[in-house]
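Encoded as structure tokens, the structure appears first; notes follow it.
Quick note: the coordinates plus some simple rules give every number you see, no bench work behind them. As the structure is a computational prediction, the values presented were derived from the model and not from experiment. Cβ atoms come from the backbone with ideal geometry, glycine included; neighbour counts cover every protein chain shown.
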Amino acid sequence: MISVKDLTKRYAHTTAVDQISFEVSKGQIVGFLGPNGAGKTTTMRMLTCFLPPSAGTAQVAGFDVLDQPIEVKKRIGYLPETPPIYPEMETAEYLKFVGKLKGLSGAKLQKRVDYVTERCAIADVKKKLLGKLSKGYRQRVGLAQAIIHNPDVLILDEPTSGLDPKQINETRELIKDLAGEHTIILSTHILPEVEQTCQQVIIINKGKLVATDSVKNLQARARGAESVVLEIAGRSGPVDSPIVQHKLEQVPGVGRVIVKQQTDGRAVFEVESQKGKFVRGDLARAVVECGWDLNELRPSAMSLEEIFLQLTGAEASTPSKAEPELQEVQQ
Amino acid sequence: MRNAWIICRKELGSYFVSPIAYILLLMFGLIFGFFFWNALAYFVVAGMEMQMRGQSFPMNLNEQIIRPLLSNVAVIGLFFIPMITMRLFAEEKRTGTIELLATSPVRDLEIILGKWMAAVILYGCMLLFTALNFAFLFAFGHPDWKPLAIGYLGLLLQAGGLLAIGTFISSLTKNQIVAGAATFGIELMLWISGWVSGYENATWARVLSYMSVITHFESFGRGVIDSKDAIYYLTLIFLGLFFTARSLESLRWRS
């Protein structure tokens, strides 16, 4: 459905997007992941024909963004980072305007307006001025305008940014819901979002493609090693963290133990297991057997986050570290 | 063309839902009303003096009221046109809605034409106010309607050109004030550049004088369609819209 080859965008002094290539097949939800300023928005703008590429090609539904922009535009729905709404318009009036711009008219237009207002749960603000809507409603109106002409491809730029947790969940559900009918590319810098909504991930950093893989593979990779946070307190008097650290290191399967903090008798440790080992049970047993209190034991931040940091952060310069199942791109 | 009309309707909606249109119409109506009342008062006083002296100097509504008033409208328009056009693109660029227009299956030219047409229609509404005043002349006198109609045509052509320039300048910036001020400055220069012809007859002065939007209105004000002047205004419209198109295009290559 989307085919991008060596897509590049150069400005006078910088290269915002540097030879990115990827394919997205029909009906997929793809997460476009990267830190702020990685080139996500620029790439999306090139796919939506808002910006012309400096080099390379991008095809949407078989049409080239440079040669047949009108055909491409007919087949995409786009939600920019800030929903493109006119504050002086009413919701229904706005959706009608966008529908007409996308080539709908008459009964069909009315049908689609009714459908998207229901689908995006904005029926109760149909007669309200867009300028008076809350951020969550604006985002949903933005989503409604993107799907009004039932496009093959949906391009959503940070669809959940600035929403509260409840709205974020609703928006994610809505996006997942839409996946059946549309091919979706959504950009985000929030990892759990990708895990929850997407089937495939494209990670970019500083304009370069770092990795493309399915979420399943990434998660499998993430589960390869466990990372656990423990909070331990001494039963009689404060715990001596070097002793505890030493003890924890002796638990079979443990790779690395880091003392995170130590305050009034309690100490927090982060334990990384060796690859493929699950150590939580053994850790708990070891702590209790030594006569300490185990105040807390929880898996630390998802390792997908670490993979992400590894790929986009300092270690991105040493791609050899990455796992073989991750399709590496030469840098 | 359907798309241009959709955009035009949306722009008109924006003008008339917000206070913009009403404030412009009100201020323009008040200012023109004052001019009209002034011109009429002079006319009446002059007419009474003529009668008292027993002279029968020919009094002509067209020559003494309509023509000078139309010239006044041409100049007042210079002050109002920047306020009509300054938001056209600057606002869309600032709020990001330009991304919606630019990623819809609509051609740049259709966007530009739609916006420009909306501006011309709003200006036309302002002219309707002047027509209300002139209607009194027809109720109580017998002015010739043809020069008036041609005068209006001239005003519309002139405004079309100036609005096209304003549209172009609005497409250059995200800031409405910058767009408005720049448009006003350029339009003012296009007015006063005609003044050099008063004391200088060299080629440069004639060029400057030819560039003046007000000089070209004189023939229309007299009720004459001079092709030279009509072509001048049409050129202005074409150039303004053409440069807007180029500006939108370059926006994409630069931004």
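Each Lys and Arg Cβ is given +1 and each Asp and Glu Cβ -1; about its Cα centre, the protein assembly as shown then shows a dipole of about 960 debye. Simple rule: put +1 on each Lys or Arg Cβ and -1 on each Asp or Glu Cβ in chain A, find the dipole, and look at A:207, A:129, A:142; the Cα lying farthest toward the positive end is A:129. Between residue B:135 and residue B:252, take the C-beta separation as r, use R0 = 41 Å, and let me know the FRET efficiency to the nearest 0.05. The computed FRET efficiency comes out at 0.30. Computed over chain A with a Gaussian network model linking Cα atoms closer than 10 Å, the most mobile of A:47, A:186, A:297 is A:297.
Pick from A:174, A:33, A:143: which is most flexible by mean-square fluctuation in a GNM of chain A where alpha carbon atoms under 10 Å apart are linked? Result: A:174 has the largest fluctuation of those listed. Residue pairs exceeding 18 angstrom between C-alpha atoms, taken from A:96/A:127; A:128/A:176; A:9/A:74; A:74/A:96; A:26/A:208: A:128/A:176; A:9/A:74; A:26/A:208. Computed on chain A, with alpha-carbon pairs under 8 angstrom and 6+ residues apart, the relative contact order is 18 percent. In the protein assembly as shown, the ratio of gyration radius to Kirkwood radius, Rg to Rh, stands at 1.18 when only Cα atoms are counted. Using C-alpha pairs under 8 Å with a sequence gap of at least 6, the mean separation divided by the residue count of region B:1-149 gives a relative contact order of 50 percent.
Taking label points 7 Å from Cα along the Cα-to-Cβ direction, residue B:202 and residue A:214 give a separation of 8.0 nm. When you restrict to C-alpha pairs under 8 Å that are six or more residues apart and normalise by the size of region B:121-255, the relative contact order lands at 35 percent. In this structure, the residue pairs whose Cα-Cα separation is over 25 Å, taken from A:5/A:206; A:100/B:115; A:132/A:206, are A:132/A:206.
Karplus-based coupling profile of region B:210-219, in residue order and whole Hz: 5, 6, 5, 5, 6, 3, 6, 7, 3, 5, with θ = phi - 60° in 6.51 cos²θ - 1.76 cosθ + 1.60 and x standing for Gly or Pro. Averaging 1/r over each pair of different alpha-carbon atoms in region A:225-300 and inverting the result gives 12.0 Å, the Kirkwood hydrodynamic radius. Across all Cα atoms of chain A, the radius of gyration (one decimal) and Dmax (whole number) stand at 24.2, 79 Å. Between region B:31-108 and region A:1-31, how many Å separate their Cα centres? That distance is 53 Å. Remark: A:18, B:144 ranked as B:144, A:18, counting other beta-carbon atoms within 10 Å and listing the fewest first.
Descending by average beta-carbon neighbour count within 10 Å, the peptides A:22-28, B:91-97 line up as B:91-97, A:22-28, the highest first.
Taken about its Cα centre, region A:225-300 carries a charge dipole of about 180 debye when Lys and Arg each add +1 at the Cβ and Asp and Glu each add -1 at the Cβ.
Semi-axes of the equivalent ellipsoid for region B:2-254, computed as √(5λ) from the eigenvalues of its C-alpha gyration tensor and ordered from largest down, come to 37, 21, 15 Å. The 3J(HN,Hα) values that the Karplus relation (6.51, -1.76, 1.60; θ = phi - 60°) gives for region A:31-48 are, in residue order, x, 9, 10, x, x, 4, x, 7, x, 5, 4, 4, 4, 5, 5, 6, 5, 8 Hz. Gly and Pro appear as x.
Residue separation of residue B:121 and residue B:60 scaled by 0.36 nm, minus their Cα-Cα distance, works out to 18.9 nm of gained length. Between residue A:177 and residue B:188, the simple label model (points 7 Å from Cα in the Cβ direction) yields a spacing of 5.6 nm. Segment residue A:270..residue A:132, full-extension length gain: 45.0 nm, with 0.36 nm per residue of separation and the alpha-carbon distance subtracted.
Each of A:80, B:116, B:253 was placed along the dipole of the protein assembly as shown (beta-carbon charges, centred on the mean Cα), and the one lying farthest toward the positive end is B:116.
Residue by residue along B:4-16, Cβ atoms of other protein chains within 10 Å of the local Cβ number 3 on average.
Among A:69, A:87, A:238, which one moves the most in a GNM of chain A with springs linking Cα atoms closer than 10 Å? Judging by the Gaussian network model, the answer is A:238.
Helix B:227-254 axis versus longest C-alpha principal axis of chain B: approximately 20°, rounded to the nearest ten.
Amide H to amide H distances under 5 Å link residue B:60 with no residue, where only residues 5 or more positions off or on other chains count and H is placed in the peptide plane.
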